[in-house]
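What follows is a single structure, written as structure tokens, with notes after it.
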Amino acid sequence: MTTEVRRLRNYINGEFRDAADGRTIDVVSPVTEEVYATSPLSGQADVDAAMEAAAAAFPAWRDTTPAERQKALLKIADAFEERAEDLIAAESENTGKPLGLTRSEEIPPMVDQIRFFAGAARLLEGRSAGEYMEGLTSIIRREPVGVCAQVAPWNYPMMMAVWKFAPALAAGNTVVIKPSDTTPASTVLMAEIIGQILPKGVFNVLCGDRDTGRAMVEHPTPAMASITGSVRAGMQVAESAAKDVKRVHLELGGKAPVVVFEDADIAKTVSGVSEAGFFNAGQDCTAATRVLVHESIHDEFVTALAKAAADTKTGQPDDEDVAYGPLNNANQLKQVSGFIERLPAHAKVEAGGHRVGDKGYFYAPTVVSGLKQDDEIIQNEVFGPVITVQSFTDEDQAVTYANGVEYALASSVWTQNHSRAMRMSKNLDFGCVWINTHIPLVAEMPHGGFKKSGYGKDLSAYGFEDYTRIKHVMTSIED
């Protein structure tokens with residue numbers, strides 16, 4: 001039986017369109033390795049059209065009141081809830097994610113995040129107006145920056161799109177967003193839903209490849225470029241944006257350390273680490289993939305973690321017992337496999353370390369021990385269901401090992417010692433430090449890193465403010 005191949009289209013100025021030159025990209029299911037759709041391979045003409053639409057829509061959207069923008073975003077949140085099953089199906093088709101986990105772990109946070117930014121639209125803050133110089137009153141205005149060019153990744157296509165468009169729209173900006181070339185389906189569906197609510201041109205979707213994203217960032221119209229992706233991609237965006245001094249918002253890779261002290265509850269820690277390390281097949285910049293364990297409990301911890309990995313199941317999206325689905329694409333499967341194939345002789349694969357099945361990009365839950373700080377798999381992001389384990393002797397060495405990578409997005413500390421936890425939260429050079437947990441996020445708190453993990457914040461009031469500019473207005477009050 002031949003599966004019908006669907007045609008996805010760009011969404012520009014309130015209408016769905018093919019690429020101007022008719023070019024397309026095959027979209028491959030990570031579960032079956034079969035083509036299930038085609039999407040536009042957008043070129044310069046498509047980028048020009050989307051930017052023109054967003055620029056034309058900007059003045060009217062900028063001039064809406066915060067209450068009007070809040071109302072629109074709340075309608076989007078409600079519509080996403082109403083179309084939840086359609087979004088879940090599209091996202092699972094995109095990524096192979098388990099349907100049940102997508103339903104429970106992605107739709108509720110997405111809807112909540114949109115509602116948070118709807119409220120934030122009415123709560124922009126600045127210094128109070130006042131006379132900071134005799135005879136003159138100063139006022140601070142918070143304004144939208146303009147058109148925002150946004151590039152979303154393939155690991156969380158829906159949620160990362162929300163993290164980008166919700167604060168941008170709430171602040172009064174217009175958006176041109178590009179999903180990954182491997183996961184366009186759910187973003188195109190979002191455009192169908194959002195298009196029933198927002199004025200034309202306010203929200204636009206361009207499908208395409210890296211060249212499409214590059215053309216978006218290089219285009220003279222956007223005032224801001226935002227990307228969630230690899231460090232290499234982030235560097236390219238920053239370099240390109242610098243040519244015309246665009247604002248840049250970067251959320252890049254991660255290599256989260258999980259520091260486990262000798263007083264940690266091993267069973268609870270292993271449970272938390274395995275869940276946070278294998279969730280979404282480890283395709284998460286904050287995944288708990290680099291475990292540092294005190295030498296006194298190292299062996300016991302590794303044994304327990306290997307058992308947890310062996311008990312973790314990957315498989316089909318409709319299987320309610322699976323913890324995660326496939327890797328997203330063939331290149332990612334090759335990357336993850338390559339890290340294991342290149343392991344040094346002193347490393348030991350305690351669990352997994354192999355592909356699962358002969359169809360789909362499934363990879364077994366994997367634990368690797370015996371590693372050294374300068375090993376490739378310690379220093380570089382695997383972005384797969386692979387957890388590494390190292391041992392440390394004392395707190396100072398734990399901090400040195402934890403900070404001894406180029407990434408600085410997230411981290412966690414597992415201990416019952418409050419003073420130690422506070423010291424570690426101070427000394428760990430990461431944008432987030434969890435204590436006795438790993439991976440929870442809330443809309444009210446910022447998400448973003450340091451070093452090569454990028455700059456700018458997602459979520460929270462800080463993320464909202466990133467999509468605004470500050471203007472000082474001073475007026476004479478003397479007759």
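The values are calculated or read from the model by the stated rules, or taken from the named source; none is laboratory data. As the structure is a prediction and not an experimental result, all values here were calculated from the model. Cβ placement follows ideal geometry from the backbone for every residue including glycine, while neighbour counts extend to all protein chains displayed. Side chains included, ligands, DNA and RNA excluded: accessible areas come from the protein's heavy atoms. Shrake-Rupley method; radii C 1.70, N 1.55, O 1.52, S 1.80 Å.
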**Fill in**
Taking the range 420-434 and keeping only residues that are outside any loop (DSSP other than H, G, I, E, B) and open to solvent by less than 60 Å² (accessible area, probe 1.4 Å), one is left with 420, 421, 424, 425, 432, 433, 434
**Item:** In the range 343-385, the residues that are touching a Pro at 6+ places or on another chain (Cβ under 8 Å) and either at pLDDT below 95 or assigned to a strand (DSSP E or B) (or both)
**Value:** 351, 363, 366
**Message:** I need the helices (runs of 4 or more DSSP H) fully contained in the range 1-115, keeping only those with at least 2 residues that are buried (at least 22 other Cβ atoms within 10 Å of the Cβ).
**Reply:** 44-62, 66-82, 84-95
**Request:** Look at residue 275 and say whether it is crowded, with 19+ Cβ neighbours inside 10 Å and of a type outside the set (Gly, Ala, Ser).
**Result:** no
**Prompt:** Does the range 151-159 contain any residue that is surrounded by fewer than 24 Cβ atoms within 10 Å (Cβ to Cβ) and in contact with a strand residue (DSSP E or B) (Cβ under 6 Å, 6 or more places away or on another chain)?
**Reply:** yes
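Considering each of 244, 181, 263, 284 in turn, give the residue that is in contact (Cβ under 8 Å) with a residue 60 or more places away in the chain, open to solvent by 10 Å² or more (accessible area, probe 1.4 Å), farther than 30 Å from residue 435 by Cα and not hydrophobic (A, V, I, L, M, F, W, C). Break it down into steps so the answer makes sense when it comes.
On the way: 244 fails: in contact (Cβ under 8 Å) with a residue 60 or more places away in the chain; 263 fails: farther than 30 Å from residue 435 by Cα; 284 fails: farther than 30 Å from residue 435 by Cα.
Residue meeting the stated conditions: 181.
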**Prompt:** Can you spot a residue in the range 342-352 that is under 24 Å from the mean Cα position of the chain (by Cα), open to solvent by 10 Å² or more (accessible area, probe 1.4 Å) and basic (Lys, Arg)?
**Reply:** no
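For the range 435-460, name all the residues that are in a strand (DSSP E or B) and open to solvent by less than 70 Å² (accessible area, probe 1.4 Å).
Here is the first cut: in the range 435-460, the residues in a strand (DSSP E or B) are 435, 447, 450-451, 454-455, 458.
Selection gives 435, 447, 454, 458.
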**Fill in**
Of (1) aliphatic (A, V, I, L, M); (2) surrounded by fewer than 19 Cβ atoms within 10 Å (Cβ to Cβ); (3) without any contact (Cβ under 8 Å) to a residue 60 or more places away in the chain, residue 330 fails just (3)
**Prompt:** Can you tell me which residues in the range 212-232 are in a helix (DSSP H, G or I) and either open to solvent by less than 20 Å² (accessible area, probe 1.4 Å) or touching a residue at least 24 places away in the same chain (Cβ under 8 Å) (or both)?
**Reply:** 212, 213, 214, 215, 216, 217, 218, 231
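Quick one: would you say residue 318 is more than 29 Å from residue 454 (Cα to Cα), open to solvent by 20 Å² or more (accessible area, probe 1.4 Å), modelled with pLDDT of 95 or more and touching a helix residue (DSSP H, G or I) at 6+ places or on another chain (Cβ under 8 Å)?
Working: more than 29 Å from residue 454 (Cα to Cα): yes; open to solvent by 20 Å² or more (accessible area, probe 1.4 Å): yes; modelled with pLDDT of 95 or more: yes; touching a helix residue (DSSP H, G or I) at 6+ places or on another chain (Cβ under 8 Å): yes.
Here the answer is yes, as residue 318 does meet what is asked.
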**Item:** Selected residue (criterion: nearest to residue 259 (Cα to Cα)) from residues of the range 392-407 that are open to solvent by 50 Å² or more (accessible area, probe 1.4 Å) and touching a residue at least 40 places away in the same chain (Cβ under 8 Å)
**Value:** 401
